[in-house]
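Here the structure comes first, spelled out in structure tokens, and everything after it is commentary.
The values are calculated or read from the model by the stated rules, or taken from the named source; none is laboratory data. Given the structure is predicted, the values throughout are model-derived calculations rather than measurements. Reconstructed Cβ throughout: ideal geometry from the backbone, glycine too, with neighbour counts over all protein chains shown. Keep in mind that these areas ignore ligands, DNA and RNA; they rest on the heavy atoms of the full protein, side chains included. Shrake-Rupley method; radii C 1.70, N 1.55, O 1.52, S 1.80 Å.
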Amino acid sequence: MVVNDEKIISVCREFGIEGDFTESKVFTDGHINSTFLAVFKNGDTVNKYLVQNINTVVFKNQQALMDNVINVTSFLRKKIEEDGGDPTRETLHFLKGKDGKYYYQDGRNCWRIYHFIDNSFTLNMIDSPEVFEDTGRSFGRFQCLLSDYPIDNLFETIPDFHNTPKRLQNLVDSVKKDVVGRAAGVQKEINFALERKGDTERALNLLEKGEIPLRVTHNDTKLNNILFDSETNKGICVIDLDTIMPGLSLYDFGDAIRFGAKTAAEDEADLSKVSVSLDLYESYVKGYLESCASALTKAEIENLAFSAKLMTFECGMRFLTDYLDGDVYFKTEYPDHNLVRARNQFKMVEEIEKVLPEMEKITLDTYQLVTGKSL
Ligand code: ADP
Ligand code: GN1
Ligand code: MG
């Protein structure tokens, strides 16, 4: 879809935005939605908006999606106000369209608009352990803020999103269908996944045994889903709230490590550069446990390190599945992009496997440091 300024302006008018349009900018961070900054001038006032084209292949029920997002952001806004924070910078604020809905359907396209949070930045790679410690603190705080959110009110925007056994089954199904004839070329990667079948069930088994609870989780805790304040370099706002659903703390912890504690980009093709940084792991654990250690069960803490492997493995399977399906889910920039991503994630899994006992020790030592207690 071509999105030019005329399109962005016409969508903005549907949400009652007035004034003179001055500029737009594309954000390329996310793999799912298409996101633009739109700037308008009203006299001397400059207003900045985030205009987002919702991916309707991924999010099939946009009404329920926006109900979730609005309910959660209203809940967060109240808590932030009670804590003396700034709700205009610490959570997202969506605009209503002319028909009273929080989204606007334009043929097959679905749009939403929210306030751009100025003087903030996102990261795709961590450049300092302090920033990653603060990332852990921010996601831990987010988990705490939502700990008493009514879980039954949440619509499951993507069913079985982090159901890892099902993700493996989806991969097997895609291999069988082989719709674009790519399976023969990725036998090694398929075997890599099949060999790790045993890992896929561990977190759900703990849930079933009651050793870890179902929580309200973000489910997409990529580093670039946090806005950092440009002045303080501190995490101010968790964004990309589309996958807030009932889930496990392990999903959010593991996914943050998958994307943040790495030594190379998620699509680095030179696998010799792909590894896990134990220093970054330790920083994140510290920030995370400082904000939510007391809320976690013993089994959750014991499985934090493993969750990094689980989520990296799951993400690798999802990239591989999409490669086999003909690149229908994740945005790609070149034909083998999903395969490069899958290989990268599987290399990261191997690297995590090598140091898993060390990661487990770091977790327990940091727990003791932060709480003054041993597990
Ligand atoms: P996707 O689902 O495609 O990942 P996101 O909601 O994460 O989409 O938005 C994509 C990018 O847009 C973010 O990574 C961030 O760089 C930027 N962004 C999103 N919301 C805001 C906001 N309110 N203020 C400033 N930048 C934002
Ligand atoms: C997608 O939307 P974005 O880029 O924050 C995906 C995540 C994956 C991630 C891999 C809704 O996240 O689940 O882990 O790409 N989001 C969705 O980078 O599928
Ligand atoms: Mg995102």
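Computed quantities for the displayed model
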read-out	value
Filtered residue count, segment 25-45, keeping only those that are part of a strand (DSSP E or B), over 23 Å from Glu266 (Cα atoms) and either open to solvent by 30 Å² or more (accessible area, probe 1.4 Å) or charged (D, E, K, R) (or both)	4
Within segment 117-161, tally of residues that are away from ligand 3 (no atom under 16 Å from the Cβ) and farther than 12 Å from Ile244 by Cβ	22
Single residue of segment 46-98 satisfying the filter (among the acidic types (Asp, Glu) and not in a loop (DSSP other than H, G, I, E, B)) that is nearest to Asn153 (Cα to Cα)	Asp67
Criterion violated by Val186 - all others in (1) open to solvent by less than 10 Å² (accessible area, probe 1.4 Å); (2) part of a loop (DSSP other than H, G, I, E, B); (3) among the β-branched types (Val, Ile, Thr) satisfied	(2)
Members of segment 217-264 found to be more than 11 Å from ligand 2 (Cβ to nearest atom) and in contact with an Asp or Glu (Cβ under 6 Å, 6 or more places away or on another chain), listed by number	Thr217, Lys234, Gly235, Ile236, Cys237, Ser249
Count of segment 117-149 residues which are touching a Lys or Arg at 6+ places or on another chain (Cβ under 7 Å), assigned to a loop (DSSP other than H, G, I, E, B) and either on the phi > 0 side of the Ramachandran plot or of a type in the set (D, E, K, R) (or both)	1
Some residue of segment 4-23 being under 30 Å from Phe139 (Cα atoms) and open to solvent by 10 Å² or more (accessible area, probe 1.4 Å)	no
Test: His115 is in contact with a Ser or Thr (Cβ under 9 Å, 6 or more places away or on another chain) and away from ligand 2 (no atom under 16 Å from the Cβ)	yes
First in segment 9-25 and among the acidic types (Asp, Glu), second anywhere and open to solvent by 40 Å² or more (accessible area, probe 1.4 Å), Cβ under 7 Å, 6 or more apart	Glu14/Lys98; Glu14/Tyr104; Glu18/Asn42; Asp20/Lys41
Within segment 97-128, considering residues that are within 30 Å of Val370 (Cα to Cα) and open to solvent by 60 Å² or more (accessible area, probe 1.4 Å), the one farthest from the chain's Cα centre (by Cα)	Asp127
Of all residues in segment 40-53 being free of Cβ contacts under 8 Å to residues at least 60 places away in the same chain and within 15 Å of ligand 1 (Cβ to nearest atom), the one that is nearest to Arg112 (Cα to Cα)	Asn53
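Rundown of residues vs (1) within 16 Å of ligand 1 (Cβ to nearest atom); (2) modelled with pLDDT under 95; (3) open to solvent by 10 Å² or more (accessible area, probe 1.4 Å); (4) in a helix (DSSP H, G or I), yes/no style:
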residue: Asn205; (1), (2), (3), (4): no, no, yes, yes
residue: Pro213; (1), (2), (3), (4): no, no, yes, no
residue: Asn219; (1), (2), (3), (4): yes, no, no, no
residue: Leu227; (1), (2), (3), (4): yes, no, yes, no
residue: Ile236; (1), (2), (3), (4): yes, no, yes, no
residue: Asp242; (1), (2), (3), (4): yes, no, no, yes
residue: Gly254; (1), (2), (3), (4): no, no, no, yes
residue: Ser272; (1), (2), (3), (4): no, no, yes, yes
residue: Asp279; (1), (2), (3), (4): no, no, yes, yes
